[in-house]
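See below for the structure under consideration.
The values are calculated or read from the model by the stated rules, or taken from the named source; none is laboratory data. Quantities reported herein were computed from a predicted structural model and do not represent experimental measurements. Cβ placement follows ideal geometry from the backbone for every residue including glycine, while neighbour counts extend to all protein chains displayed. Protein only, heavy atoms only, side chains kept; ligands, DNA and RNA dropped before computing areas. Shrake-Rupley method; radii C 1.70, N 1.55, O 1.52, S 1.80 Å.
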Amino acid sequence: MTNATAVVPEGVELTDGFHLLMDALEMNGITNIYGLLGIPVTEIGRMWQARGNKFYSFRNEQNAGYAASVAGYLTKKPGVCVTVSAPGFLNGLTALANATTNCFPMILISGSSEREIVDLQQGDYEEMDQLNIARPHCKASFRINRPEDIGVAVVRAVRTALSGRPGGVYLDIPARLFSTVMSAEEGKKSLWVPVDPAPAQIPAPSAVQRAAELIKNAKKPLILLGKGAAYAQCDADIKALVEETGIPFTPMSMAKGLVSDTHPQCGAAARSMVLQESDVVVLIGARLNWLLSHGKGKTWGNPKKFVQIDIQANEIDSNVQIHAPLVGDVQSCVNALRDALKGMNKPTEWMNAVAERAAGSRAKLATKLSTATPVMNYHNSLGAIRDVLKNYPDITLVNEGANALDNARMVIDQYLPRKRVDTGTWGVMGIGMGSAAAAAVETGKPVVAICGDSAFGFSAMEYETLTRYNLPVTVIVMNNGGIYRGDEASPEHQFSCMLFNPNTRYDQLSIALGGEGVRVNTPEELAKALEDSIKSGKTTIIDAIIDPAAGVESGRIGNLNIVSTIGKK
Ligand code: OXT
Ligand code: ADP
Ligand code: MG
């Protein structure tokens, strides 16, 4: 790519699109970029690294995008992903859409082809109208046409990604802009950092009073924590609300550990009971979407009233009536509620009943976790993993699959906030290796990824990215030979559509890609391999052989599976 004609007088010091973009990102506190390079963005990676920053180079943009989105979730700063045009952009778009769906702040920056050719559909290299394709899948889609607009575009992207409900932003940069020059001095003046990009949103006092009255008069209140509450990073305030009110709480999957799963008020192990019997439910950063049966039906049992804390006003009443909306940021709302609830009577009898049920469930589960079987199943394998992870509370757990997901969520306790990253709002397979990379990079601590063998396959080649950067990630592949189960009978003419090659050696894949690999057949071997791997800090795959008959179709969400009621051929 040649430099565009300079429009500044000779002798004036110049900058260009590449430099201004990097200046703007650095100024906004971005140090890590996740991406995949090629025409026209290759120079971004080289120049970013030359400046002493980190560019994490992936094998597929989708995984780089998942990494950026998880970086955004963990750090409360937008995660940045860079891709090439059309196909690279489209690969990254899946992750941008997923980030927006999950309320994770992320900026996808893609190079694009020249406008005058794209707009006349004259068949440019990787021609695509990326700006408009991105628009419905993110909070905002911006194109930068002039170097002097790079500063404002980055600021708008950062503010849009972070403010209100966080989400994804797309920045489209036509190739020529990267090398278009302008005066360095003018360029410098065009950059700034947004003041207070995620402003506190204080709930109205009348709304706080309304919510407090409802909670004080409840006989069986429940606090339901979602990943919006985990994202808000006001962990101590949330714990204080729970403890000061004495109300039982239950976490959505990525909110596990926001208050420890072993806290005496944790009702996760009495989930059905608390959802059904509660009379007032306080939703904190959790949507009443499919994961909560839309707030109705048999999951919810007794009629109840909802208090909902959310920063997005039109989330309120999205599924059922919300009797006390608290629109604002989690921290402001939680602290306002704490003030209004000071001295309230704790629902001790209800709390004790919940604790009793939870203790019973935990005891019942403990038996299953320690029961040996001829071939490992989900319970005894995950029981072994749980016992090891107990000693490493600050490890981030990444989790995907169906049975591998649902059982791990149930069995493995989380002790600290934001230490669990999973398939999220869409239940999407393939987040594994990208999420593991970002968690290791952003936390600087070890990561354990528990993946179904199908789930792992979606991002398996990215394992090389993990070994290349020497990231302390242990991937446990729950190898049951298939999607949900590995024992489905194949029709006569073809291998079953739900099965994988039973001879697949994930441990050997690891060795081939520069990591450590071990195959395990028993819970004891699994526990030892995991302990060794964490201690060594080396990128490792543990190929855990799971009984092919142990899983159930669709895991815990079999109720959503559609089956034909007409005779099958
Ligand atoms: O109270 P009750 O009695 O109800 O009991 C509950 C708790 O009280 C109790 N519990 C405990 N007991 C004791 N002790 C403790 N500590 C404890 N904690 C809890 O346990 C039960 C259950 O509790 P839980 O889990 O909290 O509650 P529940 O009722 O399950 O919660 C409901 C939900 C909906 C909130 C929860 O189930 C949930 O979060 N589910 C998420 C499910 C999900 O997202 N699944 C992923 C999608 S499935 C499917 O789509 C798959 N695909 C298709 C596909 C996808 N997804 N993506 C793409 C890009 N392409 C295709 C594929 C391909 S899955 C899949 C691959 C599957 O194969 P794999 O090989 O990867 O995996 P395997 O299945 O392992 O083979
Ligand atoms: P979960 O899947 O854990 O139930 P969801 O992703 O469905 O959680 O819900 C998260 C909710 O949190 C979203 O509605 C989002 O608007 C909200 N949210 C995110 N960040 C904040 C914040 N800082 N303050 C208030 N609400 C927030
Ligand atoms: Mg499987």
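Along region 158-166, what does the Karplus equation 6.51 cos²θ - 1.76 cosθ + 1.60 (θ = phi - 60°) give for ³J(HN,Hα), rounded to whole Hz, x for Gly and Pro?
Result, rounded to whole Hz: 5, 5, 5, 5, 8, 7, x, 6, x.
Please name which of 111, 332, 295 has its Cα lying farthest along the dipole of the chain towards the positive end, using unit charges on Cβ (Lys, Arg +1; Asp, Glu -1) and the Cα centre as origin.
295
If I take R0 = 22 Å and measure r between the Cβ atoms of residue 50 and residue 76 in this structure, what FRET efficiency does the formula 1/(1 + (r/R0)^6) give, to the nearest 0.05?
On the way: r = 28 Å, r/R0 = 1.26.
Efficiency, from the Cβ-Cβ distance: 0.20.
In whole angstrom, how far apart do the alpha carbon centroids of region 547-569 and region 76-151 sit?
Cα centroid of region 547-569 versus Cα centroid of region 76-151: 38 Å apart.
Under the 0.36 nm per residue contour assumption, what length would be gained going from the current alpha-carbon distance of residue 26 and residue 217 to full extension?
Between residue 26 and residue 217, full extension yields 63.7 nm more.
What residues have an amide H closer than 5 Å to that of residue 519, excluding those fewer than 5 places away on the same chain, when H is modeled at 1.01 Å from N in the peptide plane?
Those qualifying (amide H under 5 Å, at least 5 residues apart or on another chain) are 543.
In nm, to one decimal, how far is the residue 189 label point from the residue 302 one, both placed 7 Å along Cα→Cβ?
6.7
Measure off, as a whole percent, the carbon and sulfur share of the 1.4 Å-probe accessible area of region 205-355, all protein chains present.
Values: 2870 of 5830 Å².
Here carbon and sulfur together make up 49 percent of the probe-accessible area.
Return the loop-located trypsin sites (Lys or Arg not before Pro) in region 450-528 (DSSP other than H, G, I, E, B) with at most 12 other Cβ atoms within 10 Å of their own Cβ; answer none if there are none.
Values: sites: 468, 485, 505, 519, 528; in loops: 485, 505.
In loop regions of region 450-528 (DSSP not H, G, I, E or B), there are no sparsely surrounded trypsin sites (Lys or Arg not before Pro).
Using a probe radius of 1.4 Å on heavy atoms only, what accessible surface per residue do you get for region 438-563? Whole Å² is fine. Could the numbers behind the result be given before it?
Working: 5920 Å² over 126 residues.
Per-residue value: 47 Å².
Using just the alpha carbons, could you tell me how many Å³ per residue the convex hull of region 479-569 encloses?
Values: hull volume 11.7 nm³, N = 91.
Output value, Cα hull per residue: 129 Å³.
Considering only DSSP beta bridges where both residues belong to the chain, give the percentage that are antiparallel (nearest 5). Working shown, then result.
Details: 4 of 70 bridges.
Around 5 percent of the beta bridges assigned by DSSP in the chain are antiparallel ones.
Which one of 408, 457, 272 is farthest out on the positive end of the charge dipole of the chain, using unit charges on Cβ (Lys, Arg +1; Asp, Glu -1) and the Cα centre as origin?
272
Roughly how many debye, to the nearest 20, is the charge dipole of region 163-249 about its Cα centre, given +1 on each Lys and Arg Cβ, -1 on each Asp and Glu Cβ, and no other charges? Intermediate results must be reported in sequence, preceding the final value.
Numbers: 10 positive and 9 negative charges, 71 e Å.
In total the dipole reaches around 340 debye.
First check a/c for region 288-375, with a ≥ b ≥ c the square roots of the eigenvalues of its C-alpha gyration tensor; if it is under 1.5, answer rounded, and if not, answer prolate when a/b is larger than b/c or oblate otherwise. Write down the numbers at each step before the final one.
Working: a/c = 2.31, a/b = 1.63, b/c = 1.42.
The shape class here is prolate.
Which value in Å does the Kirkwood hydrodynamic radius of the chain take, with 1/r averaged over all unlike C-alpha pairs and then inverted? Could the numbers behind the result be given before it?
Working: mean 1/r = 0.0398 Å⁻¹.
That comes to 25.1 Å for the chain.
What's the local net charge at residue 316, with K and R +1, D and E -1, over the other residues with C-beta under 15 Å away? Mind showing how you got there, number by number?
On the way: positive: 165, 210, 287, 305; negative: 310, 315, 317, 329.
Local net charge: 0.
Starting from the amide H of residue 256, placed 1.01 Å from N in the peptide plane, find each other amide H under 5 Å away whose residue is 5 or more places distant or on another chain.
Under 5 Å from the amide H of residue 256 lies no amide H from a residue far enough along the sequence or on another chain.
What is the P(r) of region 205-355, as percent of Cα-Cα pairs per 10 Å bin from 0?
Pair shares across the bins are 12, 48, 37, 3.
When the accessible area of region 32-130 is computed with all protein chains present and a 1.4 Å probe, what percentage of it is carbon and sulfur? All intermediate terms of the calculation are to be shown ahead of the outcome.
Numbers: 1570 of 3190 Å².
Roughly 49 percent of what the probe reaches on region 32-130 is carbon or sulfur.
Once the other residues with Cβ under 12 Å from the Cβ of residue 97 are scored (Lys, Arg +1; Asp, Glu -1), what is the net sum? The partial results should precede the final answer.
Working: positive: 135, 139; negative: none.
Summing Lys and Arg as +1 and Asp and Glu as -1 gives +2.
Out of the total accessible area of region 133-183 (probe 1.4 Å, heavy atoms of protein only), what percent is carbon and sulfur?
Numbers: 840 of 1630 Å².
Roughly 51 percent, rounded to a whole number.
Work out the length of the dipole vector of the chain about its Cα centre, built from +1 on the beta-carbon of each Lys and Arg and -1 on the beta-carbon of each Asp and Glu, and round it to the nearest 20 debye.
Working: 54 positive and 57 negative charges, 395 e Å.
So the magnitude is around 1900 debye.
In whole Hz, with x marking every Gly and Pro, tabulate ³J(HN,Hα) for region 367-378 from phi via Karplus 6.51 cos²θ - 1.76 cosθ + 1.60, θ = phi - 60°.
Each residue of region 367-378 in turn: 4, 5, 5, 9, 8, 6, 9, x, 10, 4, 10, 5 Hz.
Taking a temperature of 20 °C and a viscosity of 1.002 mPa s, what whole-number D in µm²/s does Stokes-Einstein yield for region 158-278 with Rh from Kirkwood over alpha carbon pairs? Each step should come with its number before you reach the end.
On the way: Rh = 18.4 Å.
For these conditions, the coefficient is 117 µm²/s.
Please state the shape class of region 14-189: rounded when a/c is under 1.5, otherwise prolate if a/b exceeds b/c and oblate if not, all from the C-alpha gyration tensor. Don't skip to the answer; put the middle values down first.
On the way: a/c = 1.40, a/b = 1.10, b/c = 1.27.
It is rounded, given that a/c, with a ≥ b ≥ c, falls under 1.5.
Is the C-alpha gyration tensor of region 388-435 telling us rounded, prolate or oblate? Criteria: a/c under 1.5 is rounded; beyond that, a/b larger than b/c is prolate, otherwise oblate. Before the final figure, lay out each step's value.
Values: a/c = 2.10, a/b = 1.54, b/c = 1.36.
Prolate, since a/c reaches 1.5 and a/b exceeds b/c.
Using 1/(1 + (r/R0)^6) with R0 = 45 angstrom and r between the beta carbons of residue 132 and residue 289, what's the FRET efficiency to the nearest 0.05? Could you put the intermediate results ahead of the total?
Details: r = 27 Å, r/R0 = 0.60.
Using R0 = 45 Å, I get an efficiency of 0.95.
Over region 205-355, what is the relative contact order in whole percent, taking alpha-carbon pairs under 8 Å and six or more residues apart? Walk me through the numbers on the way to the answer.
On the way: 277 pairs, mean separation 48.9, N = 151.
Relative contact order of region 205-355: 32 percent.
Once the other residues with Cβ under 15 Å from the Cβ of residue 430 are scored (Lys, Arg +1; Asp, Glu -1), what is the net sum?
Values: positive: 59; negative: 61, 400, 422, 453, 462.
Once all neighbours under 15 Å are counted, the net charge is -4.
What would the Debye formula give as log10 I(q)/I(0) at q = 0.09 Å⁻¹ for the alpha-carbon point model of region 371-557, no solvent?
Debye output, listed in q order: -0.28.
Rounded to whole Hz and in sequence order, give me ³J(HN,Hα) for region 390-404 from the Karplus expression 6.51 cos²θ - 1.76 cosθ + 1.60, θ = phi - 60°, writing x for Gly and Pro.
3, 8, 10, x, 9, 6, 8, 9, 9, 8, 8, x, 10, 4, 5
In Å, the Kirkwood hydrodynamic radius of region 35-122 over pairs of distinct alpha carbons? Write down the numbers at each step before the final one.
Working: mean 1/r = 0.0754 Å⁻¹.
One decimal place: 13.3 Å for the Kirkwood radius.
Run the simple label-point estimate for residue 560 and residue 120 please: 7 Å along Cα→C-beta, distance reported in nm.
So the two model labels end up 4.8 nm from each other.
May I ask which residue of 33, 12, 130 lies farthest towards the positive end of the charge dipole of region 1-130, with charges of +1 (Lys, Arg) and -1 (Asp, Glu) on Cβ and the Cα centre as origin?
With unit charges placed on the Cβ atoms, the residue in question is 33.
Normalised by the number of residues in region 14-189, what is the relative contact order in percent for Cα pairs under 8 Å and 6+ residues apart? Don't jump to the answer; show the numbers that get you there.
Values: 396 pairs, mean separation 47.0, N = 176.
Reported as a whole number, the value is 27 percent.
Dipole size in debye (nearest 20) for region 205-355 around its Cα centre, Lys and Arg Cβ +1, Asp and Glu Cβ -1? Spell out each step's value before the answer.
Values: 16 positive and 14 negative charges, 78 e Å.
The calculation lands at about 380 debye.
Non-local amide H neighbours of residue 539 (under 5 Å, H modeled in plane, Pro and chain starts lacking H): which ones?
473, 516
With a point put 7 Å past each Cα toward its Cβ, work out how far residue 512 is from residue 272 in nm, to one decimal.
4.4
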